[in-house]
Amino acid sequence: MTQTAAARRPINRTTLYFFGALGGILFGYDLGVISGVLPFIGKTWNLTGWDKGVITASLSVGAIIGAIFSSRMNEKLGRRRTIMVAAVIVIIGTVAASASPSFALLIISRLVIGVGIGLSSSTVPTYLSELAPARQRGAMGALNQIFIVLGILIAFLVSYGLGPSGNWRLMFAGAVVPAVILLVGLIFLPETPRWLVANGQEEHARSVLKSSHGTSVNVDEEISTIREVIRLDAESAKTRFRDLWAPMVRPMLIVALLLAVGQQFSGVNAVNAYFPTMLIGLGFATQAALLSGVLLGVTKFLFTAWVVFVVDRWGRKPLLLIGNVLMVITLVAAGFIVIEVDDVTTKGILMLVAMVLYLVGYELGWGAVVWVMMAEVFPLKVRAAGMGISSVVLWAATGIISAIFPIISDPGALGLGGSMFLFAGINVVLFGLTKWLVPETKGRTLEQIELDLRGRHKARAKAEAA
């Protein structure tokens, strides 16, 4: 199937966004499945806390590698083909993980899966943001997060269903299904208009705009605006990563990196990956702990779906701030529950309630909004590079939290309660930085955001020269 054929065929917008966001299921499933796998491989191979951190973080290490190469692949192959390559890599890594005869080979397989996830996670938000109309871009970007949490929920459900048999290999194998669906679906989908115009395929870009934006779009005006941004970019030197530190772009890079680090240092991946292990450590039976993970997954999915309907009305920044407040309150509560409550059943139930409310706060803000905003804030010329470096930093933060949480939550270190207090403190800091640094981007086209950024930079330069 050629790119020309894919671009000219009328595409139903629901289909377009569904398959565009399906990469999120890969992301979510491979993040979530380890929580169900750990209790079983931990017994099989007598894993230490460090070993559990390594196997969990190996996905993030691979994702860093994938994100590093994502910028160049985005520019050379386009957004669509990059996601297809990511799906193939995930399929290969998943088959290897399911058949791994040793702990070392399982780590390598998870690393390979991570490469595909890194490529996908840094490309899918760009793909969606460049296809969606400005009035729907927040919702479409949040759609990616819905698929991420749906992937996590599916992983929790699969782990619970396979829990009695302890078949962790089949738990891993489940990731093949969304990867194959994504790969097949993208064969029939188009490239984004901005990439097509930048690569001399304007007629194809017009066709895609009509398919993705509907009859309300002024195609000539959209194409003209894209051309203007490309023209301005052509007047400057070839894109380099150091261009992200140019005075015009630097404020947005700082915002994107704050969002990337904050999303993971808020503590979410410690909950996603280790909550069943936490409950088992508090005295719960394995199957009961896996069922609790399912309840967390349902919560994540429902509230992420709700955010789709409010992100373009409430705005990005208010949701981030509201989420921070709720996360601080629930993390402090969780810390006190672990330290002060003695009855195992009561402690487990209260921890489940606290973590459910924590995830409500996370999905309101840092879950759905971060990927939307990282794809919005960068100018077109450095958007792929910006998303690449932001994804590298996000996955590095994910790897750090995944690796150190089993260590810091050990009773000989901070303990589980102390770890909750630590994450609460980090969220207080994130609230202040978000209020101070993060702009609002709702209701504005990507080109309007960029041209406004250029205008502010010129005004600041004139003021400094005066």
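The values are calculated or read from the model by the stated rules, or taken from the named source; none is laboratory data. None of the values given here were measured: they were computed from a predicted structure. As a convention, Cβ positions derive from the backbone with ideal geometry for all residues, glycine included, and neighbour counts pool all protein chains shown. SASA here: full protein model, heavy atoms, side chains in, ligands and nucleic acids out. Shrake-Rupley method; radii C 1.70, N 1.55, O 1.52, S 1.80 Å.
Values for this structure:
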{"read-out": "Residue within the range 387-399 that is over 30 Å from residue 442 (Cβ atoms), in a helix (DSSP H, G or I) and touching a residue at least 12 places away in the same chain (Cβ under 8 Å) present", "value": "yes"}
{"read-out": "Residue among 372, 298, 328, 356 that is at pLDDT below 90 and assigned to a helix (DSSP H, G or I)", "value": "372"}
{"read-out": "Residues that are in contact (Cβ under 8 Å) with a residue 12 or more places away in the chain, part of a helix (DSSP H, G or I) and small (Gly, Ala, Ser), drawn from the range 400-430", "value": "402, 403, 415, 417, 418, 419, 424"}
{"read-out": "Residue within the range 208-217 that is part of a helix (DSSP H, G or I), of a type in the set (Gly, Ala, Ser), open to solvent by less than 30 Å² (accessible area, probe 1.4 Å) and at pLDDT below 85 present", "value": "yes"}
{"read-out": "Residue among 105, 111 that alone is open to solvent by 10 Å² or more (accessible area, probe 1.4 Å), at pLDDT 95 or above, out of contact with any helix residue (DSSP H, G or I) (no Cβ under 7 Å at 6 or more places or on another chain) and in a helix (DSSP H, G or I)", "value": "105"}
{"read-out": "Output for the range 45-69, where each listed residue is touching a residue at least 24 places away in the same chain (Cβ under 8 Å) and farther than 11 Å from residue 395 by Cβ", "value": "45, 47, 49, 50, 51, 52, 53, 54, 55, 56, 58, 69"}
{"read-out": "Residue list for the range 152-193, restricted to those being among the small types (Gly, Ala, Ser), outside any helix (DSSP H, G or I) and crowded, with 18+ Cβ neighbours inside 10 Å", "value": "163, 174, 175"}
{"read-out": "Sole exception among (1) outside any loop (DSSP other than H, G, I, E, B); (2) over 27 Å from residue 69 (Cα atoms); (3) open to solvent by less than 60 Å² (accessible area, probe 1.4 Å) for residue 284, by number", "value": "(1)"}
{"read-out": "Test result for residue 68, surrounded by fewer than 24 Cβ atoms within 10 Å (Cβ to Cβ), under 19 Å from the mean Cα position of the chain (by Cα) and either at pLDDT below 90 or of a type in the set (Lys, Arg) (or both)", "value": "yes"}
{"read-out": "Selection count where residues are in contact with a helix residue (DSSP H, G or I) (Cβ under 8 Å, 6 or more places away or on another chain) and open to solvent by 60 Å² or more (accessible area, probe 1.4 Å), scope the range 333-369", "value": "4"}
{"read-out": "Selection status of residue 41, within 17 Å of residue 269 (Cα to Cα), at pLDDT 90 or above and open to solvent by less than 30 Å² (accessible area, probe 1.4 Å)", "value": "no"}
{"read-out": "Subset of the range 319-330 [under 8 Å from residue 365 (Cα atoms) and open to solvent by less than 70 Å² (accessible area, probe 1.4 Å)]", "value": "319, 320, 321, 323, 324"}
{"read-out": "The one condition in (1) under 23 Å from residue 189 (Cα atoms); (2) among the aliphatic types (A, V, I, L, M); (3) buried (at least 19 other Cβ atoms within 10 Å of the Cβ); (4) at pLDDT below 95 that residue 89 fails to fulfil", "value": "(4)"}
{"read-out": "Residue count for the range 400-431, restricted to those that are hydroxyl-bearing (Ser, Thr, Tyr) and more than 28 Å from residue 319 (Cβ to Cβ)", "value": "1"}
{"read-out": "Test for residue 293: is it at pLDDT 85 or above, surrounded by 23 or more Cβ atoms within 10 Å (Cβ to Cβ) and not hydroxyl-bearing (Ser, Thr, Tyr)", "value": "yes"}
{"read-out": "Positions within the range 114-135 being in contact with a helix residue (DSSP H, G or I) (Cβ under 7 Å, 6 or more places away or on another chain) and modelled with pLDDT under 75, in sequence order", "value": "132, 133, 135"}
{"read-out": "Hey, residue 321 part of a helix (DSSP H, G or I), within 20 Å of residue 269 (Cβ to Cβ) and not basic (Lys, Arg) or not", "value": "no"}
{"read-out": "Qualifying residue in the range 115-131 (condition: closer than 26 Å to residue 400 by Cβ, open to solvent by less than 40 Å² (accessible area, probe 1.4 Å), under 16 Å from the mean Cα position of the chain (by Cα) and free of Cβ contacts under 8 Å to residues at least 60 places away in the same chain)", "value": "yes"}
{"read-out": "Residue within the range 257-269 that is over 25 Å from residue 366 (Cβ atoms), modelled with pLDDT of 85 or more and open to solvent by 10 Å² or more (accessible area, probe 1.4 Å) present", "value": "no"}
